[in-house]
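Asks: This is the structure I have questions about; it appears just below.
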Amino acid sequence: METTASAVQDSPQNLWGGGMEPMKVSYGKLMMWFFLLSDAFTFSALLVSYGLVRYSHAAFTGDIDTFVFSVKYWPIPEKVFDGIPFLHGVHIPLVFVGIMTFILILSSVTMVLAVEAGHRMDRKGVEKWMLWTIFGGVTFLGCQAWEWTHFIVGTGTPTIADAFINGNWVNGFEVLGANLSINQYGPPDFADFFFFITGFHGFHVFSGIMINTLIFYNVGLGTYERRGHYEMVEKVGLYWHFVDLVWVFVFTFFYLV
Amino acid sequence: MAIDETSKVVVQPVNKEKVRRIVRVAIILGIVTTFEFIVAFTMHSGTLRTSLFILMTIVKAFYIVSEFMHLKYEKKMLIWTIMIPTIFVIWLIIALIYEGGAIYDVRF
């Protein structure tokens, strides 16, 4: 361990020994950037295909107050996501998802503070801020589980639709809630995209929590203190900010527009 | 030996200027999100509302990437290495939205 570290330091001219840092970022950070770029393409593809499918469906044209769910046109998001835990049946659009957005932004802020503490070799500070970040991530995931349950179970008046059940088409089927083939909010594609996009993002949050926990554990063991720098915290920080960044886009294009 | 090395670590005091900048960006992100909510509740849907949402999303993305992810302070070459490939996303948006309109025309 120690010999390899000193060997790298002793030969800064050795290109293949890791002595060089292209663009003045270390190998790990550069590769994290490239991974995030490829991940950004994945999320863009998902969101843009959401745009395509939404655009190829009919939109609701009437007065917004007279809006009812129908499989014939794409739903208005604020009519779908209008629930808040413990306030059943009250129409409070987008507030719960707004709280989730603030939680994720705050956990991003605590992550930068952890990176800042790492620059100062302040182990206690890194531990404190990383724990807050993990806490924020877990809270976000918990909210998402709540929202998914609400979305899947459904509430209010059932929507009448033709459904394909046990190999037969059933006319005038009452749909409540959502699954991958039929939902009460709109065309099947709406729920499919909801599950896939927020699910894929939620999986990223989950991975972020796992990686953060691992790094937090190493910080607690003093691994990075002995190594002399907290670059690993910076790398997971990059990943965590990216997860926040993706949510900013998902929030706009799935919930607001 | 581990204890010996650990005891050599010098913890530097909090970089006040850095923390102030982090807090400032956090406040900006909070204000922009709040503004998004105001627009969502007061304006009727249309091109203007959608453009405002996209504009505010880009503002938020800029602050997250440049300040939180520290990209603004990296070497110029790295900034371009990350930014230029996103041109493909812009192409993808234009192509697929156009395609979506065409599919709509075929279906209805």
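The values are calculated or read from the model by the stated rules, or taken from the named source; none is laboratory data. In this text the structure is predicted, and so the values were computed from the model without any measurement. We place every Cβ from the backbone using ideal geometry, glycine too, and count neighbours over all the protein chains shown. Heads up: the accessible areas ignore ligands, DNA and RNA and are worked out on the full protein's heavy atoms, side chains in. Shrake-Rupley method; radii C 1.70, N 1.55, O 1.52, S 1.80 Å.
Asks: Could you tell me the accessible area of A:H91 in Å² (1.4 Å probe, neighbours in place), rounded to the nearest ten?
Replies: 100
Asks: Which whole-angstrom value gives the distance between the alpha carbon centres of segment A:13-82 and segment A:184-231?
Replies: Segment A:13-82 and segment A:184-231 have Cα centres separated by 16 Å.
Asks: Report, to the nearest 10°, how far helix A:95-119 tilts away from the longest principal axis of the Cα atoms in chain A, using its own Cα long axis and a range of 0 to 90°.
Replies: 0
Asks: Excluding same-chain residues fewer than 8 positions from A:K124, which lysines have a Cα within less than 16 Å of its Cα?
Replies: B:K8
Asks: Using only Cα atoms, what is the ratio of the radius of gyration of segment A:32-166 to 2.2 N^0.38 Å?
Replies: Here the answer is 1.43, to two decimals.
Asks: Further question on the same structure: May I ask for the equivalent-ellipsoid semi-axes of segment A:125-257, computed as the square root of five times each C-alpha gyration tensor eigenvalue and listed largest first in whole Å?
Replies: 42, 13, 12
Asks: What trypsin sites (Lys or Arg not before Pro) does segment A:71-150 have in DSSP loop regions with at most 14 other beta carbons within 10 Å?
Replies: A:K72
Asks: Using the eigenvalues of the Cα gyration tensor, what equivalent ellipsoid semi-axes result for chain B when each is taken as the square root of five times the eigenvalue, whole Å, largest first?
Replies: 42, 22, 12
Asks: Next question. Expressed as an acute angle from 0 to 90° and rounded to the nearest 10, what is the orientation of the C-alpha long axis of helix A:123-153 relative to the principal long axis of chain A?
Replies: With both axes taken from Cα atoms, the answer is about 20 degrees.
Asks: Can you list the lysines whose alpha carbon sits under 17 Å from that of B:K60, skipping same-chain ones fewer than 8 residues off?
Replies: The reachable lysines, counting only those whose Cα sits under 17 Å from B:K60, are B:K72.
Asks: From the C-alpha coordinates alone, can you work out the Kirkwood hydrodynamic radius of chain A, in Å?
Replies: By the Kirkwood definition, the hydrodynamic radius is 21.0 Å.
Asks: Let me ask something else about it. Based on DSSP, what percent of beta bridges with both residues in chain A are antiparallel, to the nearest 5?
Replies: DSSP beta bridges in chain A are roughly 90 percent antiparallel.
Asks: Under 18 Å between alpha carbons, and skipping anything fewer than 8 positions from B:K76 in its own chain: which lysines qualify?
Replies: A:K24, A:K29
Asks: Further question on the same structure: By how many degrees, between 0 and 90 and to the nearest 10, does the Cα long axis of helix A:27-55 differ from the longest principal axis of chain A?
Replies: It is inclined by approximately 10 degrees.
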